[in-house]
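Accompanying notes for the structure given below.
Taken together, the values in this text are just the output of simple stated rules run on the coordinates, not laboratory data. Owing to the predicted nature of the structure, the values given are computational and were not obtained by experimental measurement. Ideal geometry is used to build each Cβ from the backbone, glycine not excepted, and the neighbour counts take in all protein chains shown.
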Amino acid sequence: MKCTYTEFCIEQTIKALEKTEGFFTGHDLGLEVSKNISENLELSDLALEMNLWKNEIRNYYEFAEEEFGIEHRPEEDIEGFIRESVAFSSRILFGLSDTARSTWTQPVDSKAIVERLNGDFKKVKKIIFHEI
């Protein structure tokens, strides 16, 4: 199924969130979900989508290179690079979420807010790296 880069990032963030249990601040929950994506994202069937996402991938590369550097160079490790960009995009989604921001410094049970977070994430139309 073809999807946009943002739709894919939202889907992967929701999948990782639903596997996450425990009490976290909104900030720490975002980091935990991002870590889960970075370590566990399966990319075997994404060749077509990655071609469709070339603009978003290039935007992430330019943003990350300028702001904090690239851990996985796309010419050397494209799967690691995609994991890195999706994990970072997940952190952006948490930063855009009213629910996550309302619990940014207050620990809450991740399972108690998962539905609200999912709703917040699904409202995001496009991830724009330079606007964070």
(request) Work out, step by step, the length gained on full extension between LYS2 and ARG116: first 0.36 nm times the residue separation, then minus their alpha carbon distance; give nm to one decimal. (result) 38.5 nm
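What FRET efficiency comes out for ASP98 versus GLU65 if R0 is 30 angstrom and r is the Cβ-Cβ distance? Round to the nearest 0.05. Provide the component values of the computation, followed by the final result.
Details: r = 30 Å, r/R0 = 1.02.
Calculated value: 0.50.
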(message) If the reach is capped at under 16 angstrom between alpha carbons, list the lysines near LYS126, excluding any in the same chain fewer than eight residues apart.
(response) LYS2, LYS54
(request) Amide H neighbours of VAL108 under 5 Å, at least 5 residues apart or on other chains, H built in the peptide plane: list them. (result) PHE24, THR25
